Amino acid sequence: MCSRNAPGRSTSVAEVSLRLGIMAIDGAMMSSIASVGDALYVAQTLAEIRSPLGAPRLETIVFSARGSTAVTTSTGLTVAGLVPPPDDLDIVLVPGIMHREPRALYERLEFLQPEIELLRKLHLRGVRLAGCCSGTFLLAATGLLDGRRATTSWWLAAAFRQYFPAVRLEADAMFIEDHEIATTGAATAIQGLVLRLIAKARGEELAQQTSRLLLIDAERQSQAPYVSQALMEQPRSSLAEKAEQMLQRELHNEISVARLAEHCGTSERSLLRHFQSYYGMGPSAHIQHLRVERAKALLEATQLTFDEVVERCGYTDVSSFRKLFKRATTLTPAGYRERFRLRAR
(Lines give C-alpha, C1' and ligand atoms only; values in the text may rest on other atoms or scores of the structure.)
Protein backbone atom coordinates (compact mmCIF):
# COMPACT_ATOMS: atom_id res chain seq x y z
CA MET A 1 0.00 0.00 0.00
CA CYS A 2 1.99 2.98 -1.22
CA SER A 3 -0.51 4.94 -3.29
CA ARG A 4 -4.10 5.02 -4.47
CA ASN A 5 -4.38 5.23 -8.25
CA ALA A 6 -7.07 4.07 -10.66
CA PRO A 7 -6.03 0.82 -12.43
CA GLY A 8 -4.43 1.32 -15.80
CA ARG A 9 -4.14 5.10 -15.52
CA SER A 10 -0.86 6.98 -15.39
CA THR A 11 -0.81 10.07 -13.22
CA SER A 12 1.35 13.10 -13.88
CA VAL A 13 2.15 15.78 -11.34
CA ALA A 14 -0.03 18.27 -13.23
CA GLU A 15 -3.09 16.03 -12.81
CA VAL A 16 -2.81 15.76 -9.04
CA SER A 17 -4.69 18.31 -6.92
CA LEU A 18 -3.57 16.83 -3.59
CA ARG A 19 -0.64 14.53 -2.85
CA LEU A 20 -0.83 13.41 0.77
CA GLY A 21 2.04 11.49 2.34
CA ILE A 22 1.66 9.21 5.35
CA MET A 23 4.81 8.52 7.35
CA ALA A 24 4.81 4.79 8.10
CA ILE A 25 6.23 3.91 11.53
CA ASP A 26 6.54 0.53 13.21
CA GLY A 27 3.79 0.28 15.81
CA ALA A 28 1.56 2.85 14.11
CA MET A 29 -2.19 2.41 14.40
CA MET A 30 -3.51 0.87 11.21
CA SER A 31 -6.61 3.06 11.35
CA SER A 32 -4.48 6.22 11.13
CA ILE A 33 -3.04 4.97 7.85
CA ALA A 34 -5.89 3.05 6.23
CA SER A 35 -8.76 5.40 7.08
CA VAL A 36 -6.98 8.36 5.49
CA GLY A 37 -6.14 6.47 2.31
CA ASP A 38 -9.65 5.03 2.10
CA ALA A 39 -11.31 8.43 2.55
CA LEU A 40 -9.25 9.99 -0.23
CA TYR A 41 -9.88 6.98 -2.47
CA VAL A 42 -13.64 7.26 -1.90
CA ALA A 43 -13.50 10.99 -2.63
CA GLN A 44 -11.55 10.35 -5.83
CA THR A 45 -14.06 7.69 -6.93
CA LEU A 46 -16.95 10.09 -6.31
CA ALA A 47 -15.12 12.79 -8.29
CA GLU A 48 -14.64 10.41 -11.23
CA ILE A 49 -18.33 9.51 -11.20
CA ARG A 50 -19.18 13.22 -11.39
CA SER A 51 -16.56 13.91 -14.09
CA PRO A 52 -16.01 10.72 -16.12
CA LEU A 53 -13.66 12.45 -18.57
CA GLY A 54 -11.10 13.03 -15.87
CA ALA A 55 -10.30 15.51 -13.15
CA PRO A 56 -7.33 16.45 -10.92
CA ARG A 57 -6.61 13.56 -8.60
CA LEU A 58 -6.33 13.00 -4.87
CA GLU A 59 -3.36 10.77 -4.12
CA THR A 60 -2.11 9.01 -0.99
CA ILE A 61 1.50 7.88 -0.69
CA VAL A 62 2.73 5.83 2.26
CA PHE A 63 6.47 6.20 2.75
CA SER A 64 9.28 5.39 5.16
CA ALA A 65 11.84 7.80 6.59
CA ARG A 66 14.33 4.91 6.92
CA GLY A 67 14.29 3.42 3.45
CA SER A 68 12.22 0.46 4.65
CA THR A 69 9.80 -1.21 2.26
CA ALA A 70 7.43 -2.41 5.02
CA VAL A 71 6.42 -1.70 8.62
CA THR A 72 4.45 -3.68 11.17
CA THR A 73 1.44 -1.90 12.64
CA SER A 74 0.28 -2.11 16.25
CA THR A 75 -2.00 -5.07 15.46
CA GLY A 76 0.76 -7.04 13.76
CA LEU A 77 -0.45 -6.39 10.22
CA THR A 78 2.19 -5.43 7.69
CA VAL A 79 2.01 -2.37 5.46
CA ALA A 80 4.23 -3.14 2.48
CA GLY A 81 5.25 -1.38 -0.73
CA LEU A 82 6.62 1.67 1.06
CA VAL A 83 8.58 4.18 -1.00
CA PRO A 84 11.22 6.80 -0.15
CA PRO A 85 9.83 10.23 0.77
CA PRO A 86 8.68 11.90 -2.49
CA ASP A 87 9.85 15.44 -3.24
CA ASP A 88 6.45 16.80 -4.22
CA LEU A 89 4.18 16.12 -1.25
CA ASP A 90 1.63 18.76 -0.27
CA ILE A 91 1.14 17.53 3.29
CA VAL A 92 2.63 14.79 5.47
CA LEU A 93 0.64 13.00 8.16
CA VAL A 94 2.21 11.46 11.26
CA PRO A 95 -0.11 8.60 12.34
CA GLY A 96 -1.00 7.63 15.88
CA ILE A 97 1.51 5.32 17.59
CA MET A 98 0.21 2.60 19.88
CA HIS A 99 1.53 2.57 23.45
CA ARG A 100 0.56 1.40 26.93
CA GLU A 101 1.40 4.61 28.76
CA PRO A 102 2.60 8.12 27.85
CA ARG A 103 6.05 7.57 29.38
CA ALA A 104 6.69 4.63 27.05
CA LEU A 105 5.57 6.75 24.11
CA TYR A 106 7.88 9.60 25.11
CA GLU A 107 10.85 7.25 25.62
CA ARG A 108 10.28 5.78 22.19
CA LEU A 109 10.87 9.17 20.59
CA GLU A 110 14.58 8.68 21.23
CA PHE A 111 14.55 5.89 18.63
CA LEU A 112 12.62 7.90 16.04
CA GLN A 113 15.38 10.34 15.12
CA PRO A 114 15.23 9.59 11.35
CA GLU A 115 11.54 10.49 11.39
CA ILE A 116 12.17 13.63 13.46
CA GLU A 117 14.93 14.84 11.13
CA LEU A 118 12.84 14.19 8.04
CA LEU A 119 9.90 16.16 9.45
CA ARG A 120 12.20 19.12 10.08
CA LYS A 121 13.54 18.96 6.52
CA LEU A 122 10.05 18.72 5.06
CA HIS A 123 8.98 21.75 7.08
CA LEU A 124 11.95 23.76 5.78
CA ARG A 125 10.88 22.84 2.23
CA GLY A 126 7.43 24.25 2.87
CA VAL A 127 5.56 20.94 3.18
CA ARG A 128 2.58 21.14 5.52
CA LEU A 129 2.63 18.73 8.46
CA ALA A 130 -0.12 17.04 10.47
CA GLY A 131 -0.09 14.87 13.57
CA CYS A 132 -2.86 12.47 14.57
CA CYS A 133 -3.53 11.43 18.19
CA SER A 134 -0.25 10.28 19.81
CA GLY A 135 1.55 11.21 16.59
CA THR A 136 1.51 14.77 17.90
CA PHE A 137 4.20 13.69 20.39
CA LEU A 138 6.51 12.97 17.45
CA LEU A 139 5.66 16.33 15.86
CA ALA A 140 6.31 18.08 19.18
CA ALA A 141 9.69 16.34 19.49
CA THR A 142 10.84 18.18 16.36
CA GLY A 143 10.44 21.50 18.18
CA LEU A 144 8.20 22.76 15.38
CA LEU A 145 5.18 23.02 17.67
CA ASP A 146 6.94 25.26 20.20
CA GLY A 147 4.90 28.41 20.68
CA ARG A 148 2.10 27.06 18.49
CA ARG A 149 -1.43 25.97 19.30
CA ALA A 150 -1.92 22.21 19.14
CA THR A 151 -4.11 19.37 20.35
CA THR A 152 -3.78 15.65 21.01
CA SER A 153 -5.97 12.87 22.34
CA TRP A 154 -7.62 14.13 25.54
CA TRP A 155 -6.28 11.38 27.79
CA LEU A 156 -2.68 12.29 26.85
CA ALA A 157 -3.06 15.97 27.72
CA ALA A 158 -1.37 15.94 31.15
CA ALA A 159 1.64 14.00 29.89
CA PHE A 160 1.91 16.15 26.76
CA ARG A 161 2.02 19.34 28.86
CA GLN A 162 4.67 17.81 31.10
CA TYR A 163 6.94 16.77 28.22
CA PHE A 164 6.31 19.72 25.88
CA PRO A 165 5.56 22.81 28.03
CA ALA A 166 6.45 25.20 25.19
CA VAL A 167 3.47 24.00 23.11
CA ARG A 168 0.15 25.82 23.63
CA LEU A 169 -1.98 22.72 24.10
CA GLU A 170 -5.76 22.99 23.68
CA ALA A 171 -6.75 19.49 24.70
CA ASP A 172 -10.50 19.91 24.17
CA ALA A 173 -10.14 20.75 20.49
CA MET A 174 -10.82 18.03 17.92
CA PHE A 175 -8.67 19.75 15.31
CA ILE A 176 -6.26 22.69 15.30
CA GLU A 177 -4.38 24.20 12.40
CA ASP A 178 -1.70 26.75 13.29
CA HIS A 179 -0.35 28.11 10.01
CA GLU A 180 1.16 25.13 8.15
CA ILE A 181 0.96 22.54 10.97
CA ALA A 182 -2.23 20.71 11.93
CA THR A 183 -2.92 18.41 14.88
CA THR A 184 -5.94 16.28 15.75
CA GLY A 185 -7.34 14.32 18.66
CA ALA A 186 -7.73 10.54 18.68
CA ALA A 187 -7.62 8.33 15.59
CA THR A 188 -11.09 9.09 14.21
CA ALA A 189 -10.51 12.85 14.52
CA ILE A 190 -8.15 12.64 11.55
CA GLN A 191 -11.23 12.21 9.36
CA GLY A 192 -12.13 15.84 9.99
CA LEU A 193 -8.72 16.91 8.70
CA VAL A 194 -9.10 14.73 5.60
CA LEU A 195 -12.47 16.32 4.81
CA ARG A 196 -10.88 19.77 5.06
CA LEU A 197 -8.12 18.72 2.68
CA ILE A 198 -10.67 17.36 0.20
CA ALA A 199 -12.68 20.58 0.43
CA LYS A 200 -9.61 22.75 -0.21
CA ALA A 201 -8.41 20.59 -3.10
CA ARG A 202 -11.68 19.74 -4.82
CA GLY A 203 -14.48 21.76 -3.25
CA GLU A 204 -16.87 21.63 -0.31
CA GLU A 205 -19.49 19.61 -2.20
CA LEU A 206 -17.14 16.66 -2.71
CA ALA A 207 -16.09 16.80 0.95
CA GLN A 208 -19.75 16.71 2.03
CA GLN A 209 -20.53 13.78 -0.26
CA THR A 210 -17.53 11.88 1.12
CA SER A 211 -18.56 12.53 4.72
CA ARG A 212 -22.10 11.32 4.01
CA LEU A 213 -20.96 8.16 2.28
CA LEU A 214 -18.52 7.29 5.09
CA LEU A 215 -20.85 8.48 7.89
CA ILE A 216 -18.28 10.98 9.16
CA ASP A 217 -19.66 13.61 11.52
CA ALA A 218 -18.02 16.71 10.12
CA GLU A 219 -19.63 18.89 12.80
CA ARG A 220 -17.62 17.51 15.71
CA GLN A 221 -15.52 20.39 16.99
CA SER A 222 -14.66 19.32 20.54
CA GLN A 223 -13.38 16.28 22.40
CA ALA A 224 -15.02 17.52 25.59
CA PRO A 225 -18.10 15.24 25.53
CA TYR A 226 -15.87 12.17 25.30
CA VAL A 227 -13.49 12.95 28.16
CA SER A 228 -13.46 10.49 31.05
CA GLN A 229 -11.49 11.44 34.14
CA ALA A 230 -11.14 7.76 35.06
CA LEU A 231 -9.17 7.08 31.88
CA MET A 232 -6.92 10.12 31.97
CA GLU A 233 -3.24 9.72 32.76
CA GLN A 234 -2.91 10.45 36.47
CA PRO A 235 -0.27 12.83 37.88
CA ARG A 236 2.78 11.26 39.47
CA SER A 237 3.77 13.58 42.25
CA SER A 238 3.07 13.45 45.96
CA LEU A 239 1.61 16.96 45.96
CA ALA A 240 -0.81 16.18 43.13
CA GLU A 241 -1.83 12.91 44.77
CA LYS A 242 -2.53 14.69 48.06
CA ALA A 243 -4.59 17.30 46.24
CA GLU A 244 -6.57 14.72 44.27
CA GLN A 245 -7.37 12.68 47.36
CA MET A 246 -8.80 15.70 49.15
CA LEU A 247 -10.68 16.97 46.12
CA GLN A 248 -12.37 13.64 45.45
CA ARG A 249 -13.34 13.33 49.13
CA GLU A 250 -14.59 16.91 49.54
CA LEU A 251 -15.90 17.68 46.06
CA HIS A 252 -19.49 18.04 47.31
CA ASN A 253 -18.37 20.75 49.77
CA GLU A 254 -16.95 24.22 49.27
CA ILE A 255 -13.17 24.02 48.70
CA SER A 256 -10.96 27.10 48.76
CA VAL A 257 -7.48 27.33 47.25
CA ALA A 258 -6.13 28.30 50.68
CA ARG A 259 -7.62 25.20 52.28
CA LEU A 260 -6.29 22.96 49.52
CA ALA A 261 -2.80 24.49 49.81
CA GLU A 262 -2.83 23.97 53.59
CA HIS A 263 -3.84 20.33 53.13
CA CYS A 264 -0.98 19.81 50.68
CA GLY A 265 1.53 21.53 52.95
CA THR A 266 2.50 24.22 50.46
CA SER A 267 1.85 27.88 49.69
CA GLU A 268 -0.97 29.06 47.47
CA ARG A 269 1.58 30.38 44.97
CA SER A 270 3.36 27.02 44.76
CA LEU A 271 0.04 25.23 44.43
CA LEU A 272 -1.01 27.48 41.56
CA ARG A 273 2.31 26.91 39.80
CA HIS A 274 2.08 23.15 40.32
CA PHE A 275 -1.47 22.90 39.00
CA GLN A 276 -0.65 25.00 35.96
CA SER A 277 2.25 22.67 35.18
CA TYR A 278 0.31 19.42 35.62
CA TYR A 279 -3.16 20.33 34.43
CA GLY A 280 -2.73 23.44 32.33
CA MET A 281 -5.13 25.29 34.65
CA GLY A 282 -5.31 26.65 38.21
CA PRO A 283 -6.86 24.84 41.22
CA SER A 284 -10.25 26.57 40.93
CA ALA A 285 -10.60 25.64 37.27
CA HIS A 286 -9.52 22.06 38.04
CA ILE A 287 -12.13 21.80 40.79
CA GLN A 288 -14.79 22.91 38.31
CA HIS A 289 -13.49 20.32 35.87
CA LEU A 290 -13.77 17.56 38.49
CA ARG A 291 -17.31 18.62 39.35
CA VAL A 292 -18.32 18.44 35.72
CA GLU A 293 -16.73 14.99 35.54
CA ARG A 294 -18.74 13.85 38.55
CA ALA A 295 -21.90 15.23 36.99
CA LYS A 296 -21.16 13.34 33.77
CA ALA A 297 -20.73 10.08 35.70
CA LEU A 298 -23.99 10.61 37.59
CA LEU A 299 -25.89 11.47 34.42
CA GLU A 300 -24.53 8.35 32.75
CA ALA A 301 -25.16 5.85 35.52
CA THR A 302 -28.06 7.11 37.69
CA GLN A 303 -31.63 8.35 37.39
CA LEU A 304 -30.98 11.34 39.66
CA THR A 305 -32.62 14.60 38.63
CA PHE A 306 -30.25 17.32 37.52
CA ASP A 307 -30.96 19.26 40.72
CA GLU A 308 -29.82 16.23 42.73
CA VAL A 309 -26.75 15.84 40.52
CA VAL A 310 -25.85 19.49 41.08
CA GLU A 311 -26.13 19.09 44.84
CA ARG A 312 -23.76 16.09 44.81
CA CYS A 313 -21.26 18.12 42.82
CA GLY A 314 -20.96 20.85 45.43
CA TYR A 315 -23.08 23.53 43.72
CA THR A 316 -26.18 25.29 44.97
CA ASP A 317 -26.94 27.35 41.87
CA VAL A 318 -28.45 24.94 39.34
CA SER A 319 -28.55 27.53 36.55
CA SER A 320 -24.85 28.41 36.94
CA PHE A 321 -23.81 24.78 36.96
CA ARG A 322 -25.93 24.07 33.88
CA LYS A 323 -24.03 26.82 32.04
CA LEU A 324 -20.70 25.49 33.33
CA PHE A 325 -21.62 21.97 32.21
CA LYS A 326 -22.52 23.07 28.68
CA ARG A 327 -19.41 25.23 28.39
CA ALA A 328 -17.24 22.28 29.43
CA THR A 329 -18.91 19.54 27.37
CA THR A 330 -20.63 21.49 24.55
CA LEU A 331 -23.83 19.57 25.47
CA THR A 332 -26.75 20.34 27.78
CA PRO A 333 -27.08 17.96 30.75
CA ALA A 334 -30.18 16.41 29.15
CA GLY A 335 -28.40 16.05 25.82
CA TYR A 336 -25.39 14.46 27.51
CA ARG A 337 -27.56 11.96 29.41
CA GLU A 338 -29.41 10.98 26.24
CA ARG A 339 -26.15 10.43 24.37
CA PHE A 340 -24.03 8.66 26.99
CA ARG A 341 -26.29 7.08 29.58
CA LEU A 342 -25.73 3.41 30.31
CA ARG A 343 -28.56 1.36 28.84
CA ALA A 344 -29.59 -2.16 29.78
CA ARG A 345 -28.84 -4.60 26.96
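Some observations on this one:
- Conditions (1) within 24 Å of the chain's Cα centre (by Cα); (2) at negative phi; (3) not hydroxyl-bearing (S, T, Y): number failed by G76: (2)
- Only one of E110, E59, E101 that is without any contact (Cβ under 8 Å) to a residue 12 or more places away in the chain and in the same structural domain as L206 (by TED's automatic domain parsing): E110
- Criterion violated by G147 - all others in (1) out of contact with any helix residue (DSSP H, G or I) (no Cβ under 8 Å at 6 or more places or on another chain); (2) at pLDDT below 90; (3) not in a helix (DSSP H, G or I) satisfied: (2)
- Consider the stretch 251-270 and keep the residues that are among the hydrophobic types (A, V, I, L, M, F, W, C) and free of Cβ contacts under 8 Å to residues at least 60 places away in the same chain. The one that is nearest to A297 (Cα to Cα) is I255.
- Breaking point among (1) among the acidic types (D, E); (2) in contact with a helix residue (DSSP H, G or I) (Cβ under 9 Å, 6 or more places away or on another chain); (3) free of Cβ contacts under 8 Å to residues at least 40 places away in the same chain, for E170: (2)
- Within the stretch 42-66, being surrounded by fewer than 18 Cβ atoms within 10 Å (Cβ to Cβ) and not hydrophobic (A, V, I, L, M, F, W, C) holds for T45, E48, R50, S51, P52, G54, P56, R66.
- Every pair of residues 6+ apart whose Cβ atoms lie under 8 Å, when the first sits in the stretch 301-314 and is farther than 20 Å from E254 by Cβ while the second is assigned to a loop (DSSP other than H, G, I, E, B): A301/R341; A301/L342
- Any hit, the stretch 67-84, residues being over 26 Å from S211 (Cβ atoms), buried (at least 20 other Cβ atoms within 10 Å of the Cβ) and assigned by TED's automatic domain parsing to the domain that holds R108: yes
- The residues on offer are L139, L122, and the sole one that is within 9 Å of T183 (Cβ to Cβ), touching a residue at least 12 places away in the same chain (Cβ under 8 Å) and touching a Leu at 6+ places or on another chain (Cβ under 9 Å) is L139.
The values are calculated or read from the model by the stated rules, or taken from the named source; none is laboratory data. Remember, predicted model here, so these are calculated numbers, not experimental data. We place every Cβ from the backbone using ideal geometry, glycine too, and count neighbours over all the protein chains shown.
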